[in-house]
Structures are given as structure tokens and as C-alpha cells.
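> Below is one structure. I have some questions about it.
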Amino acid sequence: MASIALDNMALRKKVQMMFSIVFDTAWRIGSGTEGETLSDLGVVLDPAGQPILPGSSLKGRLRSTCETLAHALDLKACMLDVEASGVGCTSDVKYYHQVREDYQGATRNGLAARLDWIEQNTCDVCKLFGSPVMAGRIRVSDGQLVDWAEVVQVRDGVVIDRDSQTAVDGLKYDYEVVPPGSRFEVVLDLENPSDSDLALLGVALFEWASGATIGGFTSRGLGRFRLQDVLVRGVDMSDPKQRVQYLTKTNPNERLTDFGDWEKYFAEYIEKRAPSS
Ligand SMILES: [Zn+2]
């Protein structure tokens with residue numbers, strides 16, 4: 001058997017996905033400050049005044065999509081709350097404190113023991129997205145803006161009284177949104193994904209392709225988007241042809257092997273986790 005430590009560090013597999021995110025509705029990811037238009041709630045814009053779709057927001061949304069679907073693949077999701085989920089995972093501080101001595105013991109016994117301990121004590125979602133004791137296997141780029149209305153809209157909101165469900169007199173605010181139709185390109189990179197990682201990411205991508213939401217005020221109908229033009233490519237070092245192609249080319253488009261139809265590619269991993277019969 002190969003050493004766990006070496007197995008963890010050697011490049012065995014890379015999977016890269018590229019897709020467009022197309023907003024069917026207006027959306028907003030708040031800047032946390034007053035907006036460019038002096039509205040109460042601004043959207044995040046770059047110095048040129050164009051909307052930003054941060055990789056961290058995309059990754060967070062992808063993670064929560066995976067959390068809601070993990071059980072369908074018989075995978076574990078700690079939801080960052082061991083008490084609520086019943087799944088022991090080092091991402092929850094409470095759990096970490098319970099097992100701290102055990103973890104420190106494993107760490108003293110060398111890298112292999114440490115990695116083995118992390119493997120046993122990390123849920124499947126945190127293995128993919130990262131935990132306080134181990135970097136994740138996925139990287140999500142910022143959205144690259146391709147198309148938008150070139151103007152930020154300001155909408156009015158009224159403060160609703162929670163008890164009476166009616167508007168509170170005189171309590172109004174406004175908020176900025178990016179109008180419908182904006183389009184971004186996104187790249188996901190996975191390093192040494194397991195078959196479970198690919199199944200989990202696959203179900204999340206199917207969910208996103210059928211329509212999902214991101215950002216603030218989604219209960220008011222904001223933030224609906226779809227995926228389009230999904231491409232999947234990569235290298236599996238156990239495949240001699242792919243390996244040689246990766247090691248002897250410099251152009252990224254030639255180094256990585258096109259894995260073909262993305263739905264078919266991920267469906268294979270999903271069916272392995274969730275057999276239909
Ligand atoms: Zn976890």
C-alpha cells in the first residue's frame with residue numbers, strides 16, 4: 001500500500017470546470033455600506049463601477065447546496081454544527097475541543113497518522129470545501145463579468161412589522177440591485193478529488209443548472225441564476241495518454257483532456273454513490 005502522506009501530496013487527478021452564470025432576475029451581493037447611488041444598501045462594485053461576483057460567495061453557496069444534497073448520496077454533512085447534525089467533524093469548534101487530545105496525539109505520530117485522523121473526523125462536505133485542520137480540494141474563481149446592463153438599479157423597500165405584517169409608517173429604505181441578464185464566467189478547480197467529491201459536486205452542479213439563487217433578498221425574488229455552457233476537463237494520472245499529454249504540453253487547453261459531456265461525466269460518479277436499483 002502506498003504511504004498515505006505521499007498519496008495525499010502527489011498529483012493524481014485534476015478536474016477543471018468552466019461555466020457561465022446567467023442571472024434571470026436582478027440580484028445583489030451587499031457591500032455592507034452605503035451604495036454608489038447613495039442608497040442605504042449598496043452592491044459590491046469594482047473600481048470601474050462594475051458588479052463583482054466574488055468567488056467566496058460562489059463557494060459558500062456551492063457548499064450550502066452540497067450540504068442539502070449530501071444525504072441523498074449517503075454522504076455526511078456536519079452543517080458546521082455537530083449537535084444539530086449529529087455528524088462529528090473538526091469544523092465545529094465544540095467537536096474539536098472534545099477530540100483535541102486525540103488529534104494532538106495523532107499529530108505527534110507523524111503526517112500519515114495526522115492525515116488518517118483528519119480523514120476519519122471530517123465530514124464529506126468539509127473534505128471537499130476545507131476545514132480548520134485541512135485545506136479544501138476545490139478552488140472557485142471570482143466571476144468574470146461578460147455582460148450586464150451597465151447600470152445599477154435602486155429599489156424601494158419598506159420596513160415590515162413582524163407581528164402585524166404591515167408596513168411601518170415612515171420607515172422606508174432603498175437598496176441597489178444588478179439588473180437581470182448579467183452574465184459571468186466561473187472556473188472551478190479540483191485537486192485530487194475523490195469519487196465522493198465528484199458525486200457531491202455533480203449533484204450541486206445539476207441543481208445549479210436547473211436554477212438556483214445567490215445573494216441577498218432571495219425571498220423577494222432576487223438572485224435567480226442558471227448555469228450555461230458547462231465544460232469539464234482535467235487529467236487522471238493513472239491514464240497513460242492523459243498523463244503524457246499533461247506532462248508534455250504547455251498550453252492549458254492542450255494539457256488538460258476534455259472529459260466530454262459534463263452531465264454524463266458527473267452522472268457516473270453520482271450513480272456509483274446512489275445506485276438506481
Ligand atoms: Zn464538516
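> Would you kindly state the longest site-free stretch of the chain, with sites defined as GluC sites (Glu not before Pro) in a DSSP loop (not H, G, I, E, B) surrounded by at most 12 other Cβ atoms within 10 Å?
On the way: sites that count: E34, E150.
Value returned for the longest uninterrupted segment is 151-277.
> Place a +1 charge on the Cβ of each Lys and Arg in the chain and a -1 charge on the Cβ of each Asp and Glu, then give the dipole magnitude about the Cα centre in debye, rounded to the nearest 20. The partial results should precede the final answer.
Values: 30 positive and 40 negative charges, 171 e Å.
That gives the chain a dipole magnitude of about 820 debye.
> Can I ask one more? Using Cα positions and a limit of under 16 Å, work out the aspartates and glutamates in reach of K94, with same-chain residues fewer than 8 apart set aside.
D81, E83, D102
> Related question: If each residue of separation counts as 0.36 nm, what is the full-extension length gain between K94 and N109 once their alpha-carbon separation is subtracted? It would help to have the intermediate numbers written out before the result.
Numbers: separation 15, 0.36 × 15 = 5.40 nm, distance 2.36 nm.
Computed gain between K94 and N109 is 3.0 nm.
> Rounding to the nearest 20 debye, state how big the charge dipole of the stretch 8-140 is about its Cα centre with +1 on each Lys and Arg Cβ and -1 on each Asp and Glu Cβ. Working shown, then result.
On the way: 15 positive and 15 negative charges, 143 e Å.
The dipole magnitude comes to about 680 debye.
> Could you check which residue among I214, I21, I160 shows the biggest mean-square fluctuation in a GNM of the chain with a 10 Å Cα cutoff?
I160
> Can you tell me the length gained on complete extension of the stretch Q153 to D261, counting 0.36 nm per residue apart and subtracting the Cα distance?
So the chain would gain 35.1 nm between Q153 and D261.
> Hand me the trypsin sites (Lys or Arg not before Pro) from the stretch 202-277 located in a DSSP loop with no more than 13 other Cβ atoms within 10 Å, in residue order please.
Values: sites: R220, R224, R226, R233, K241, R243, K249, R255, K264, K272, R273; in loops: K249.
Here the sparse-neighbourhood loop sites are K249.
> Then there's this: As a test of the formula, what do you get for the chain when each DSSP H run with n ≥ 4 contributes -39,500 (n - 2.57) and the sum is divided by the residue count, at 222 nm and rounded to the nearest 500 deg cm²/dmol? Before the final figure, lay out each step's value.
Details: 10 runs with 98 residues, N = 277.
Calculated from helices alone, the mean residue ellipticity at 222 nm is -10500 deg cm²/dmol.
> Could you check the simple spin-label distance between T37 and A209, using points 7 Å along Cα→Cβ, in nm with one decimal?
A separation of 3.5 nm, rounded to one decimal place.
> Follow-up. Using the structure shown, select from K13/K264; K127/K272; K127/K264; K13/K127; K14/K241 the pairs with a Cα to Cα distance greater than 22 angstrom. Present the calculation step by step, with values, prior to reporting the outcome.
Numbers: K13/K264 18 Å; K127/K272 19 Å; K127/K264 24 Å; K13/K127 16 Å; K14/K241 15 Å.
In this structure, K127/K264 lie more than 22 Å apart at Cα.
> With +1 assigned to the C-beta of every Lys and Arg and -1 to the C-beta of every Asp and Glu, and no other charges, what is the dipole magnitude of the stretch 45-105 about the Cα centre in debye, to the nearest 20? Before the final figure, lay out each step's value.
Details: 6 positive and 8 negative charges, 37 e Å.
Dipole size: approximately 180 debye.
> OK, next. Can you spot the aspartates and glutamates whose alpha carbon is less than 20 Å from K172's alpha carbon? Ignore those fewer than 8 places along the same chain.
E34, E36, D40, D156, D161, D163
> By how many nm would the segment from T68 to R139 grow when fully extended, if each residue of separation counts as 0.36 nm and the alpha-carbon distance is taken off?
Computed gain between T68 and R139 is 23.6 nm.
Computed from the coordinates by the stated procedures, all read-outs in this text should not be read as laboratory data. Source: prediction; values computed, not measured. All Cβ positions, even for glycine, are placed from backbone atoms using ideal geometry, and neighbour counts span all protein chains on display.
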